[in-house]
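Input: a single structure, listed below in structure tokens.
Here, each number is a calculation from the coordinates, and none is a lab measurement. Since the model is a prediction, treat every value here as computed from it, not as a measurement. Heads up, the Cβs are rebuilt from the backbone with ideal geometry, glycines too, and the neighbour counts pull from every protein chain shown.
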Amino acid sequence: MTALEARDVALSFGETPALRGASLAVDPGEIVAIMGPSGSGKSTLLHCLAGILVPSAGEVLFEGDRLDQLGEHQRSVLRRDRFGFVFQFGQLVPELTAQENVALPLLLGGARRTAAMAAAEPWFDRLGLAGLQRRRSGELSGGQAQRVALARGLVARPSVLFADEPTGALDSVTGEQVMNLLVDAAHDQRTTVVLVTHEARVAAYADRQVIVRDGRVNALVRS
Amino acid sequence: MIRFAIRLTVVGGREAVTRLVIIAGAVALGVALLLAPIAATNALGAQNQRYAWLNTAVAPTVKGGDSLLWLIHGDYYHGRTIGRVEVAAQGAHAPLPPGIPRLPRPGEYYVSPALGELLATTPPAELGDRFPGHDIGVIGDAALPSPDSLLVVIGRTPADLTALGATRATQIMTTAPSGCGQCYAGFNANDIAVALSVVAAALIFPVLIFIATATRLAAARREQRFAAMRLVGATPRQISLLSAVESTLAAAVGTAVGLGLFLAARPSLARIPFTGERFFVADLSLTAPDLLGVALGVPAGAVVAAGLALRRVRISPLGVSRRVTPRPPRGWRALPLVVGLAELGYFVGRRPASTNGQLIAYVTGFVVILVGLVLAGPWLTMQSARVLAGRARRPATLIAGRRLADDPRAAFRSVSGLIVALFVTTVATGAITTFVAHRGAPRTDSVEATAVHKIFWPEDGPAPTPARIPAGLGSIPGVRDVTLVHRADDGGHWLAVITCSDLDRLAVYGRCPPGARVAAVNPGLVDTPGTEIEAADLDPAAVAGLPIMSVVVNTANHAALEQARTLLENAFPRGQPPASEGEREADNSQDLVRLQQLASVVIIGSLPIAGCSLAVSVASGLSDRRRPFSLLRLTGVQLATLRQVVAIESLLPLLASAAVAIGLGFLAAELFLRAQLGYTLTPPGWVYYAVVTGGLALSLTIIASTLPLLQRITGPDTARNE
């Protein structure tokens, strides 16, 4: 059974079609990179796979169940409990410390504060952030903030991690560091990763690359 | 450049227009609230000027010309004061009071419109019979301090007036009571103007905070736009000009709207009895300097505010960088608060002997507490937010607590106006309620309100004989008893006395001390708080032979009281008019009740404004965090959780500050009352709680109105398009 699958998914924003029958299947533990030029529909495909957007046609399945038929509340709970997210920038809550940011998904899931903070703690050593636990997002460099976001995306041990241009705001060296950490952590936890990027060197970290063009997944490339 | 700046301001997108509208709205509110006390101060002068002629008895004498015999005294009807002027011309060219075409002849009188209406609807025995003769016209507005003034100008013969103790006037007084030491009609406009200035300050402070908060709304977008302009070559000076034009435009629109708001609110404003009586609408006028000052001052202030706001950020061609967050507030900020409370506490049991000493002791105490409250606010906010965040179990509480602790000054700023208003109002209400409870108007069903008395003061002439007491008093339906109090000589002083058997029979005026046969009482018989009925060393049999000091008529209803008053007034026109103890106390406490009304105006005005500030502050905070919040929503965080964050962020400072301000207000009032008057604080009436609760509820509603914004700005589109 696939971890995640899109079947002939279509979605338009007003008159503008973003996806026109895109299909993609992702195996458990697999890292898939979605590539494509700007406006090709790759982020929209990721949002449909993550249950953020509901396609107007086609099906989205998570572990064999129809995701697109769930209500907003159920999709929110699914995203919170089973998925993790890393975005390009600006995802940390500025008032919280780095450790509280990492612990946030666990707190939102109902964990006790001490337990959530304890679960967040090891990620700082693991991602080379030791000593930065009490810093705010404004006191972190771009690479540090992105590693905190990565820890936050993985702390709840999600089944799938969605990463939308995770290195888009970083220089190449820092971007490579973040990608190495992401891939290692995902392999350690056997987390499936869906990665959207327009950079070939970032996509190279994936087990498989797909290219989206004009709203369709029209090329598959094995790494 | 200015034209370009105007175009940029107006067509800068929906967000820019919203920002413009909110700033203009805040300015409009500020202008209206600024104009109201200015116009009220002008109205005070106008009203007081129309009191001037009632002080004709003390008008300077001018040589030559005819004169006028003049007598003025007060009267009451259902607790309302009636001004009764009695005149007799001495010559064809006797001075003529304002508002009437000629002097009334004996047997004629003019009445004010309000008194005319009252006469038309009241049985003559209760009111009309007090005025000899017949009504020949209405007194014009020029002679009426207020549309509600109850005034009568009665024509008398010179002989009658001379017998009643009238004075001779050679001119009608034109000097306003504020500028005349001997004047008794009217009020000291300067005192009320000071009170109005405090009201104005208490209202303007929250508005200034509101305007300052509004300028931060969507400021991030605006600053990014400025940075983009710097990139294409705009100089810092041009950026300042763009900012100034935007602020001036908003302030100019706001000033015009504010003027309209004020004009629309003028009829309602005129109904507020700042002086005890409402104003004529025309009294609430603005002079040219007033208008010019506001029209130029407010936009100028807005430009300065915009300049200060820009100083907080550094706009370079490469973007906007915020100045570093200031250091967290320190604990020393709580010191003045403690000092102020300690100062008031010190004077409990050590009341300064002189009035000046008392003023210095208490006023400095209150001011130090107030300043301390504003200074300590951010520190207290930070401490409570840290405790909240430290103990938070839910993510919403954690985020809200951290945000409040992160910038406690900003959080407190939006409620500081409210703090000032609530503290001032609570101190005033606490002190006034306690004072009125001890010394104010009594309950309407108590003997203080149902018994009317006429006192025959020795200086008003010989005391009447029992035969002159109107026989009809006892037969008025609703009269319970008619009691005579006698005057005994007590070694050069007089003493009002009554036999204990009479006192016990009446049962409503108190009890004699055990073993006493004659009691020394107040002339009005009604016991005033703090005085005790004492025994008088007299033979009860001798009391009836002593001169009459007063006649006291206890009644079962208003109609009986007014009929008794009419009979007594007609029988004894000299001296003070018959009145109940309640009416006299109400006169004494009128100033305080007036202050209480002003205090309510402050709360009603400032709470919603503070609510607006909070709402704008919340909206501004949401706008700043739209990306992390919308990304949190994408990751599955429920909208309800984000709503909780917003609710806690705004409710905590609002409710905590309100509780602290109210608590400290009552504490300061208690310390003052114990130190100065030896009273313990009496809890305020339901009106205070209703006003505070209503104002807070309105503020909360305004804050709740920002919640839909959360859903809109954290939608998936935000994350996609930022």
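Tabulated results
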| quantity | calculated |
| --- | --- |
| For segment B:510-584: rounded, prolate or oblate by the Cα gyration tensor [a/c cutoff 1.5] | prolate |
| Sites B:GLU117 and B:LEU96 - FRET efficiency at Förster radius 25 Å, r taken between beta-carbons, to 0.05 | 0.50 |
| Contact order relative to length of segment A:1-90, as percent, for alpha carbon pairs under 8 angstrom and 6 or more apart | 31 percent |
| Shielding by other protein chains, B:614-627, mean Cβ within 10 Å | 1 |
| For chain B, cysteines whose Cβ has no other cysteine Cβ within reach (under 4.7 Å) | B:CYS612 |
| Over chain A: helical MRE at 222 nm, DSSP H runs n ≥ 4 each giving -39500 (n - 2.57), nearest 500 | -11000 deg cm²/dmol |
| Interchain or long-range residues, amide H under 5 Å from A:LEU4's placed H | A:VAL26, A:GLU63 |
| Positive-pole candidate from A:VAL212, A:VAL26, A:PHE62, dipole of segment A:4-219, charges at beta carbon | A:PHE62 |
| Ascending count of other beta-carbon atoms within 10 Å, so fewest first, for B:LYS63, B:LYS454 | B:LYS63, B:LYS454 |
| Fully extended contour minus Cα-Cα distance, from B:ARG409 to B:GLN358, at 0.36 nm per residue | 14.9 nm |
| On Cα atoms only, tilt of A:172-189 relative to the major axis of chain A in degrees | 90 degrees |
| For chain B: relative contact order, % (alpha-carbon pairs under 8 angstrom, 6 or more apart) | 17 percent |
| Shielding by other protein chains, B:274-287, mean Cβ within 10 Å | 0 |
| Neighbouring partner chain Cβ atoms per residue of A:91-104, average, 10 Å criterion | 5 |
| For chain B, calculated [θ]222 nm from helices alone, where every DSSP H run of n ≥ 4 adds -39500 (n - 2.57) | -19000 deg cm²/dmol |
| Interchain or long-range residues, amide H under 5 Å from A:PHE162's placed H | A:GLY84, A:PHE85, A:VAL86, A:VAL194 |
| Residue-by-residue Karplus 3J(HN,Hα) for segment A:197-204, coefficients 6.51, -1.76, 1.60, Hz, glycine and proline x | 7, 10, 9, 5, 6, 6, 4, 5 |
| Exposure proxy ranking, count of Cβ atoms within 10 Å, fewest first, for B:TYR51, B:TYR679 | B:TYR679, B:TYR51 |
| Least to most buried among B:ARG413, B:ARG403 (fewest other Cβ within 10 Å first) | B:ARG413, B:ARG403 |
| Separation of alpha-carbon centers, segment B:39-83 and segment B:475-496, rounded to whole Å | 33 Å |
| Rounded to 10°, Cα long-axis angle of helix A:142-154 versus longest principal axis of chain A | 70 degrees |
| Relative contact order of segment A:4-219, defined on C-alpha pairs under 8 angstrom at six or more residues apart (%) | 32 percent |
| Between helix B:335-346 and chain B: long-axis angle, C-alpha atoms, 0 to 90°, nearest 10 | 20 degrees |
